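J.: What follows is a structure written as structure tokens; I'll ask about it next.
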Amino acid sequence: MMIKYNCDFVLEKINDGGQLIDVRSPVEFNMGALDGAVNMPVENFQTLKDDIDNTKPILLYCRTGARSEMVKNYLVQLGYDQVHNIGGLQQFAAC
């Protein structure tokens, strides 16, 4: 089950040092992304995951939330415990 997140939650986590990670392709990312987001495409995530600070909240998103949910599950299996799939880009574009 995917939890629905709102702007207040996302902004609070970012203010707490949260890491906003866009798991879309570089082409999609370059067409528009959330302010402050880092692009870590799902295809390269196994090698890029070492750049994530697992002591801070991790906020994942993509276009619809499907790819970010896969990445969330992967990180949880690795022992990350502050991982949030916030869903799709358009939901938070106005935050």
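The values are calculated or read from the model by the stated rules, or taken from the named source; none is laboratory data. Note that this is a predicted model, so its numbers are computed, not measured. We place every Cβ from the backbone using ideal geometry, glycine too, and count neighbours over all the protein chains shown.
J.: With the requirement that a residue be in contact (Cβ under 8 Å) with a residue 24 or more places away in the chain and assigned to a helix (DSSP H, G or I), what does segment 18-45 give you?
T.: 28, 42, 45
J.: If you don't mind, another one. Any residue at all in segment 5-18 that's within 16 Å of residue 94 (Cα to Cα), modelled with pLDDT under 95 and among the polar types (S, T, N, Q)?
T.: Yes, segment 5-18 has at least one match.
J.: Could you grab me the full set of residues in segment 57-78 that are in contact (Cβ under 8 Å) with a residue 12 or more places away in the chain, among the small types (Gly, Ala, Ser) and either over 15 Å from residue 93 (Cβ atoms) or in contact with a Cys (Cβ under 7 Å, 6 or more places away or on another chain) (or both)?
T.: 68
J.: For segment 71-81, check the following and say yes or no: at least one residue is outside any strand (DSSP E or B), of a type in the set (Gly, Ala, Ser) and on the phi < 0 side of the Ramachandran plot.
T.: Looking for residues that are outside any strand (DSSP E or B), of a type in the set (Gly, Ala, Ser) and on the phi < 0 side of the Ramachandran plot, one finds none in segment 71-81, hence no.
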